[in-house]
Amino acid sequence: MDISNGSVLITGGAGGFGGATARRLAKLGAKVVIADVADERGAALAAELGNGSVYLRTDIMSEDSVVAAVEAAKALAPLRAAVIAHGGPPPPDKGGRTVGRDGSRVSLAHFAHTIAVYLTSAYLVSSVAAQAMAGNEPLDSNQRGVIINTASIAGFEGQPGQVPYGAAKGGIIAMALNLARDLAPLGIRSMAIAPGTFLTFAYAMMGDDKAKETFGPLVLNPKRMGEPDEYAMLAQQIVENDFLNSTTIRLDGGQRF
Ligand SMILES: NC(=O)c1ccc[n+]([C@@H]2O[C@H](COP(=O)([O-])OP(=O)(O)OC[C@H]3O[C@@H](n4cnc5c(N)ncnc54)[C@H](O)[C@@H]3O)[C@@H](O)[C@H]2O)c1
């Protein structure tokens, strides 16, 4: 799909995956709405892209905020791609194994919060973006837009203590095909990327060196964490290649935990 005259919405657009993808899609000529709550990083990235792309403070937990971000993208140019790559507010408590050795149970609030951050919000962004894309003139290829969600290898084989996150990401994997079926008559594709472990801002608390030391050896080959631009390369290919539809692509260097 040619997005050179279009706009792109990226939730978590100031983040590791989102920022790398913004840089690549802006190079293709798209105007990007960087939708995030990281004001400083978001504004700096918009200035760096410098092609009419904007940062818009957007909370993915709020329907009004997501609708406003989609409207902002539409105001720039027809919305051709939505890349959903956000984190979210921290959970209300620590979580852990479903039932711990001490007999404690993961709270329902913790489970529900994780689903809200990683799955419900992804549906919200996907559906609002698709509604906007449905109003686009189709391109010569008869396509109107593409939606790219971010799953995780935890959606296939999560670790102990990852039931809420694995369930949310499993939901993303299921949603990729279901969205594709619903949106096919509108000429809108739906895909998901399931990353392994990538060095993004998500590991800032741990520190880059510690993260590399901990997670690099888990990868089959190459024996290192992924780089955000490797995610962005795949996102670009999904945007450009109209025959990619309805599936989740693992991007993990062969990691199987
Ligand atoms: N990094 C990895 O190893 C990895 C692996 C698998 C899946 N993922 C998934 O990739 C996605 C992006 O993660 P990342 O690694 O790029 O992390 P990141 O921390 O670099 O980026 C996430 C971005 O989301 C933003 N954000 C936080 N709360 C928000 C809110 N309420 N509204 C809007 N934006 C908000 C943050 O400010 C940040 O810029 C997540 O869904 C994560 O689960 C990451």
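Cα centroid distance between the stretch 149-170 and the stretch 37-101, in Å?
Result: 20 Å between the Cα centres.
Give me the Kirkwood hydrodynamic radius of the stretch 166-215, using the inverse of the mean 1/r over all pairs of distinct Cα atoms, in Å to one decimal.
Working: mean 1/r = 0.0755 Å⁻¹.
Hydrodynamic radius (Kirkwood, Cα only) of the stretch 166-215 equals 13.3 Å.
For the pairs LYS31/LYS223; LYS27/LYS223; LYS27/LYS74; LYS169/LYS212, note any where the Cα-Cα span goes beyond 25 Å. Please list the in-between numbers first.
Details: LYS31/LYS223 35 Å; LYS27/LYS223 30 Å; LYS27/LYS74 19 Å; LYS169/LYS212 23 Å.
Violating the 25 Å limit, Cα to Cα: LYS31/LYS223; LYS27/LYS223.
Projected onto the charge dipole of the chain (+1 at Lys/Arg Cβ, -1 at Asp/Glu Cβ, origin at the Cα centre), which of ILE153, PRO92, LEU56 gives the Cα projection farthest towards the positive end?
Positive-end residue among those listed: ILE153.
Return the sequence-ordered ³J(HN,Hα) values of the stretch 87-97 in whole Hz as given by the Karplus equation 6.51 cos²θ - 1.76 cosθ + 1.60 applied to θ = phi - 60°, using x for Gly and Pro.
Result, rounded to whole Hz: x, x, x, x, x, x, 8, 6, x, x, 5.
What net charge do the residues around PHE201 carry, taking every other residue with its C-beta under 11 Å from that of PHE201, with Lys and Arg at +1 and Asp and Glu at -1?
Values: positive: ARG41; negative: ASP36, ASP208.
Local charge sum for PHE201: -1.
Out of MET233, MET206, MET61, any idea which swings most in a Gaussian network model of the chain, alpha carbons joined below 10 Å?
MET206
Quick check: the angle from helix 121-134's long axis to the longest principal axis of the chain, C-alpha only, nearest 10 degrees?
For 121-134 against the chain, the angle is about 10 degrees.
Tell me which aspartates and glutamates have Cα within less than 17 Å of LYS210's Cα, excluding those fewer than 8 residues away on the same chain?
Answer for LYS210, where 17 Å is the Cα cut-off: GLU227, listed by chain and number.
Using a Gaussian network model of the chain whose springs link C-alpha atoms within less than 10 Å, name the residue from PRO185, PRO138, PRO228 with the highest mean-square fluctuation.
Comparing PRO185, PRO138, PRO228 in a Gaussian network model of the chain, the most mobile one is PRO185.
Grab the other residues whose beta carbon is less than 15 angstrom from that of PHE111, score K and R as +1, D and E as -1, and report the net. Show your work: numbers first, answer last.
On the way: positive: LYS94, ARG97, ARG105, LYS169; negative: ASP93.
Taking every other residue near PHE111 into account, the sum is +3.
Enumerate the amide H contacts of LEU79 below 5 Å, restricted to partners 5 or more residues apart or on another chain; note that Pro and chain-start residues carry no placed amide H.
SER7
We did not get these values from a lab; they are worked out from the coordinates using the rules stated. As the structure is a computational prediction, the values presented were derived from the model and not from experiment. Note that we place each Cβ from the backbone using ideal geometry, even for glycine, and neighbour counts take in every protein chain shown.
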